[in-house]
Amino acid sequence: MNLHLSPKTKLAIMVGTSGLFILSGLVIWNRNSPPELATTETGNQQGEVFGLRSQIPEKFPEDIPLFEPATIRGATETKTFLQVNLDTNWGTEEVLSFYFQKMTDSGWEKTEIYQLEGGGVWSFKKNQRRLELTAAWIEEQEITLISLKSFLPQP
């Protein structure tokens, strides 16, 4: 069977697969680390930030929701993107449903979907901004890994 894929589809599959490899690496790297407990409180009247938002790069867009209950696995800030990795004991269907609802409610448009067994990779855009969401179920640990990669506007 000869399968012909467009270059855009091939790139999307490669990006999605690399996201899953990154998430898998985080699982292996953090396997013996106890998770931090997170609260759902996001701030107070003095402007201090608590909960999950306190553990991510300050520049991470506030209109990108963080799934809760979840644990921060790590955050990365580069010149081209900000990435936050979370895990939760909720299933991928609940996680993806949450993100679809919250993202569309705040004006984001879902542009691409790559559904995989046990997860998926979704792309969203809003104005000149782009977000790549990866959710993958890790059977051995009974958790869903979530990667939120917010691409920074380039000059």
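Going through the stretch 35-86 one residue at a time, which ones are aliphatic (A, V, I, L, M), at pLDDT below 80 and under 16 Å from L148 (Cα atoms)?
Our first condition is that a residue be aliphatic (A, V, I, L, M); within the stretch 35-86, this holds for 37-38, 49, 52, 56, 64, 66, 70, 72, 75, 82, 84, 86.
Next, only the ones that are at pLDDT below 80 stay: 37-38, 49, 52.
If the condition is that a residue be aliphatic (A, V, I, L, M), at pLDDT below 80 and under 16 Å from L148 (Cα atoms), then L52 is the only one that fits.
Inside the stretch 65-84, can you point out the residues that are in a loop (DSSP other than H, G, I, E, B) and over 11 Å from the mean Cα position of the chain (by Cα)?
First, the residues of the stretch 65-84 that are in a loop (DSSP other than H, G, I, E, B): 65-70, 78-80.
E68, P69, A70, T78, K79, T80, listed by residue number.
Looking at (1) charged (D, E, K, R); (2) closer than 17 Å to D87 by Cα; (3) in contact with a strand residue (DSSP E or B) (Cβ under 7 Å, 6 or more places away or on another chain), can you tell me which one R130 breaks?
For R130, the failing item is (2).
Find the residue count for the stretch 101-131, including only residues that are in a strand (DSSP E or B) and closer than 15 Å to P65 by Cβ.
Going through the stretch 101-131 one residue at a time, the tally reaches 6.
Collect the residues in the stretch 140-155 that are touching a helix residue (DSSP H, G or I) at 6+ places or on another chain (Cβ under 6 Å) and without any contact (Cβ under 8 Å) to a residue 60 or more places away in the chain, keeping them in residue-number order.
Within the stretch 140-155, just T144 meets the criteria.
Does the stretch 109-121 contain any residue that is among the hydroxyl-bearing types (S, T, Y) and closer than 22 Å to K59 by Cβ? Give the derivation first.
Here is the first cut: in the stretch 109-121, the ones among the hydroxyl-bearing types (S, T, Y) are 111, 114.
Those still in the list that are closer than 22 Å to K59 by Cβ too: none.
Scanning the stretch 109-121, I find no residue that is among the hydroxyl-bearing types (S, T, Y) and closer than 22 Å to K59 by Cβ, so the answer is no.
Restricting attention to the stretch 115-139, and to residues there that are more than 14 Å from the chain's Cα centre (by Cα) and touching a residue at least 24 places away in the same chain (Cβ under 8 Å), which single residue is surrounded by the fewest Cβ atoms within 10 Å (Cβ to Cβ)?
Q128
State the number of residues belonging to the stretch 95-107 that are touching a residue at least 12 places away in the same chain (Cβ under 8 Å) and within 16 Å of I146 (Cβ to Cβ). Step through it out loud before you land on a result.
Filtering the stretch 95-107 down to residues touching a residue at least 12 places away in the same chain (Cβ under 8 Å) leaves 95-96, 98-100, 102-103, 106-107.
So of that shortlist, the ones also within 16 Å of I146 (Cβ to Cβ) come out as 95-96, 98-100, 102-103.
Total satisfying the criteria: 7.
Restricting attention to the stretch 73-94, and to residues there that are touching a residue at least 40 places away in the same chain (Cβ under 8 Å) and in contact with a Lys or Arg (Cβ under 9 Å, 6 or more places away or on another chain), which single residue is surrounded by the fewest Cβ atoms within 10 Å (Cβ to Cβ)?
Here the residue is F81.
Could you tell me which numbered condition L96 fails, if it satisfies all but one of (1) at pLDDT below 95; (2) assigned to a strand (DSSP E or B); (3) of a type in the set (A, V, I, L, M, F, W, C)?
Failing condition for L96: (2).
For the stretch 140-155, what are the residues that are surrounded by fewer than 20 Cβ atoms within 10 Å (Cβ to Cβ) and not polar (S, T, N, Q)?
Answer for the stretch 140-155, where residues must be surrounded by fewer than 20 Cβ atoms within 10 Å (Cβ to Cβ) and not polar (S, T, N, Q): E140, E142, F151, L152, P153, P155.
The values are calculated or read from the model by the stated rules, or taken from the named source; none is laboratory data. Here the structure is a predicted model, which means the values were calculated and not measured. Using ideal geometry, Cβ is built from the backbone for each residue, glycine included, and neighbour counts are taken over all protein chains shown.
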